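The structure under discussion is supplied below as structure tokens; questions concerning it will follow.
The values are calculated or read from the model by the stated rules, or taken from the named source; none is laboratory data. Computed from a predicted model, the values in this text were never measured in an experiment. Cβ placement follows ideal geometry from the backbone for every residue including glycine, while neighbour counts extend to all protein chains displayed.
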Amino acid sequence: MKNAQPVASRREAIVSLGALTLAAASLSATGARAQLAPQRTFEELKTEIQARADRKAYPVAQLDAAEVREALVNLKSMDRDHWASVWGAIGDRHLARAKGLEASDKKQAAEAYDKAMQWYMFARFPLEDSPGTAKAYEKALEAFAGYSRLVDPPIEAVKFTYEGKEVTGYLRVPKGVRPAPVVIAIGGLDGRKEDGAIRYAKYLDHGVAFFAFDMPGTGQTRLRIEPGVEKVFSTVLDIIAKRPDLDAKRVVVTGGSWGGHWSARLAYLEKERILGAVVQGGPVHNYFQPEWQSVAIKTPEYLFGLFEARAAVYGVKTLDEFLAYGPRMSLKDNGWIDKPSAPMLLVNGINDTQVPIADLYLLQTHGDPKESWVNPKGGHMGRNAQLPDDWIFEKVVLPWVVRRMGTAA
């Protein structure tokens, strides 16, 4: 691979680079802010959305570029209900087509349900913070339910109660493999488990089941983010242990972006019950510091609404509340990073402006040995134009997961 390479094996090289990155993250907010592009105007945002759709980039990678252009003509403001209405209208079109096809062509109907779901997901992006965006998410769930019942094998919605609140996950088990090894996939800040479940189907080709969940504070895992809430996923492990179709001795956890934080926590908390954990662009310590956040919430790498999405999962409103809340989630300050852990794969890009690469180096240089894959030209999650999300998933994450399970990739 010309554009990606593993982190240098020599500990001193990693420490040195990590120190430099941490120093950069610790610049004063005024100095670092000057290096970032200014906030986008409305017209600049529309241009950026179309550019990302044209090159199939997050968060519009799954949307048809021509239909994006159509929607942008009708987008007149950033009012949240108006936003939801414009993008949701195209979702409505695909949903109607799916329902019309269901009786005659289940394959095409499933594809149409998938398309509808993707449009509704962007209609609620990056979070459900108005009546219109909440309704868009409800429609996304409806469309995904249609997709789930038509694909083969079907996707099962598994519900359980944790601390008085209902949590929903999606389980899909490959045919002819009993008990099947299973990957627990935890979503990030603005994506939802429905988005990931389409991609995770590739695990089935390797005889691996997937169990997909929203991270705490989002989607259908409406739990306040605080130390200890990762135990909701310990409940998932309990569920797996009781199912004869799943192999509780072969479980790997994966998480991207904020989901990587929970994956890392489980690598420590449940090291005896999981075979490994993928931490892709996951916050560890430096991410939670006010010096980083006061700059990072303005990064143009994120399309829009980053502060609102990050504040919502803490249940806070103001910038001061947000900056004060974050440090309590540090894995370093809470004494996690030097503890024994399950094997980890650490993935990110050196140029990540959302989660500092210093967090990857911090995990790499503490506790048990870990494997790493770093794109020296990559941004958040390690992606760039040459190595997009799907490439990293198929060439880096998926092979590591199935190897940990002893399944041939």
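When region 326-349 is examined, which residues are found to be among the hydroxyl-bearing types (Ser, Thr, Tyr) and touching an Asp or Glu at 6+ places or on another chain (Cβ under 9 Å)? So that I can check it myself, show each step before the final result.
Initial filter on region 326-349 (among the hydroxyl-bearing types (Ser, Thr, Tyr)): 330, 341.
Hit for region 326-349 is SER341, nothing else.
A quick yes/no check of all residues on (1) at pLDDT 95 or above; (2) closer than 26 Å to GLY379 by Cα:
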| site | (1), (2) |
| --- | --- |
| LEU36 | no, yes |
| GLU48 | yes, yes |
| ALA61 | yes, yes |
| GLU67 | yes, no |
| LYS76 | yes, no |
| TRP87 | yes, no |
| GLY91 | yes, no |
| HIS94 | yes, no |
| GLN118 | yes, yes |
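Quick check on GLN280: is it under 20 Å from LEU127 (Cα atoms) and touching a residue at least 24 places away in the same chain (Cβ under 8 Å)? Break it down into steps so the answer makes sense when it comes.
Working: under 20 Å from LEU127 (Cα atoms): no; touching a residue at least 24 places away in the same chain (Cβ under 8 Å): yes.
Criteria not met by GLN280.
Let me ask you something else. Examine region 63-84 for a residue that is in contact with a His (Cβ under 7 Å, 6 or more places away or on another chain), outside the structural domain of ARG199 (by TED's automatic domain parsing) and under 20 Å from LYS193 (Cα atoms), and state whether such a residue exists.
No - not one qualifying residue is present in region 63-84.
Could I ask something else about it? Out of all the residues in region 171-188, is one or more in contact with a helix residue (DSSP H, G or I) (Cβ under 6 Å, 6 or more places away or on another chain), buried (at least 23 other Cβ atoms within 10 Å of the Cβ) and in a helix (DSSP H, G or I)?
no
Could I ask something else about it? Suppose we filter PHE307, PHE322 for residues that are surrounded by fewer than 17 Cβ atoms within 10 Å (Cβ to Cβ) and within 21 Å of the chain's Cα centre (by Cα); which single one remains?
PHE307
What are the pairs, 6+ residues apart or on separate chains, where a residue within region 295-314 that is more than 20 Å from ASN351 (Cβ to Cβ) has its Cβ under 6 Å from a residue that is of a type in the set (Val, Ile, Thr) and surrounded by 20 or more Cβ atoms within 10 Å (Cβ to Cβ)?
Listed by first residue and then by second, the contacts come to VAL313/ILE225; TYR314/ILE225.
Let me ask another. Kindly indicate the residue of region 325-342 that is in contact (Cβ under 8 Å) with a residue 60 or more places away in the chain and surrounded by fewer than 18 Cβ atoms within 10 Å (Cβ to Cβ) and also nearest to the chain's Cα centre (by Cα) among those meeting that condition.
Among those residues, the one meeting the criterion is ARG328.
Within region 153-165, does at least one residue satisfy the condition of being of a type in the set (Phe, Trp, Tyr), modelled with pLDDT of 95 or more and either assigned to a loop (DSSP other than H, G, I, E, B) or farther than 24 Å from LEU63 by Cα (or both)?
Among the residues of region 153-165, at least one is of a type in the set (Phe, Trp, Tyr), modelled with pLDDT of 95 or more and either assigned to a loop (DSSP other than H, G, I, E, B) or farther than 24 Å from LEU63 by Cα (or both), which makes the answer yes.
A further question follows. Go through region 199-251 and give me each residue that's in a helix (DSSP H, G or I), of a type in the set (Val, Ile, Thr) and buried (at least 17 other Cβ atoms within 10 Å of the Cβ).
Residues satisfying the conditions are VAL229, VAL232, VAL236, ILE240.
Moving on to the next point. Given ILE392, ILE357, which one is over 20 Å from VAL253 (Cβ atoms), of a type in the set (A, V, I, L, M), within 18 Å of the chain's Cα centre (by Cα) and at pLDDT 95 or above?
Selected residue: ILE357, the only one of ILE392, ILE357 that is over 20 Å from VAL253 (Cβ atoms), of a type in the set (A, V, I, L, M), within 18 Å of the chain's Cα centre (by Cα) and at pLDDT 95 or above.
Checking PRO174 against (1) of a type outside the set (D, E, K, R); (2) within 30 Å of TYR302 (Cα to Cα); (3) over 21 Å from the mean Cα position of the chain (by Cα); (4) not assigned by TED's automatic domain parsing to the domain that holds TRP87: exactly one of these is not met. Which one?
Every listed condition holds for PRO174 apart from (2).
While we're looking at this one, here's another question. TYR147 is checked against (1) among the hydroxyl-bearing types (Ser, Thr, Tyr); (2) within 30 Å of ILE297 (Cβ to Cβ); (3) in a helix (DSSP H, G or I) and fails just one. What number does that condition carry?
All conditions are met except number (2).
Can you find a residue in region 138-145 that is free of Cβ contacts under 8 Å to residues at least 24 places away in the same chain, surrounded by fewer than 20 Cβ atoms within 10 Å (Cβ to Cβ) and of a type in the set (Asp, Glu)?
yes
Turning to a different aspect of this structure: Considering only residues that are over 22 Å from GLU270 (Cβ atoms) and aliphatic (A, V, I, L, M), which ones fall in region 314-364?
Correct list: VAL316, LEU319, LEU323, ALA324, ILE350, VAL355, ILE357, ALA358.
How many residues are part of a loop (DSSP other than H, G, I, E, B), of a type in the set (A, V, I, L, M, F, W, C) and touching a residue at least 24 places away in the same chain (Cβ under 8 Å) if we restrict to region 59-117? So that I can check it myself, show each step before the final result.
Filtering region 59-117 for residues part of a loop (DSSP other than H, G, I, E, B) gives 59-64, 75-79, 102-105.
Next cut, of a type in the set (A, V, I, L, M, F, W, C) only: 60-61, 63, 75, 78, 103.
Restricting the remaining residues to those that are touching a residue at least 24 places away in the same chain (Cβ under 8 Å) gives 60-61, 63, 75, 78.
Of the residues in that region, 5 qualify.
Among the residues of region 372-409, write down those that are on the phi > 0 side of the Ramachandran plot and not in a helix (DSSP H, G or I).
GLY406
Could you give every pair whose Cβ atoms fall below 9 Å, whose first residue belongs to region 176-191 and is on the phi > 0 side of the Ramachandran plot, and whose second residue is at pLDDT 95 or above, counting only separations of at least 6 or pairs across chains?
GLY176/GLY207
Spot the failing condition for GLN386; the list is (1) buried (at least 19 other Cβ atoms within 10 Å of the Cβ); (2) farther than 14 Å from GLN280 by Cα, and only one is missed.
(1)
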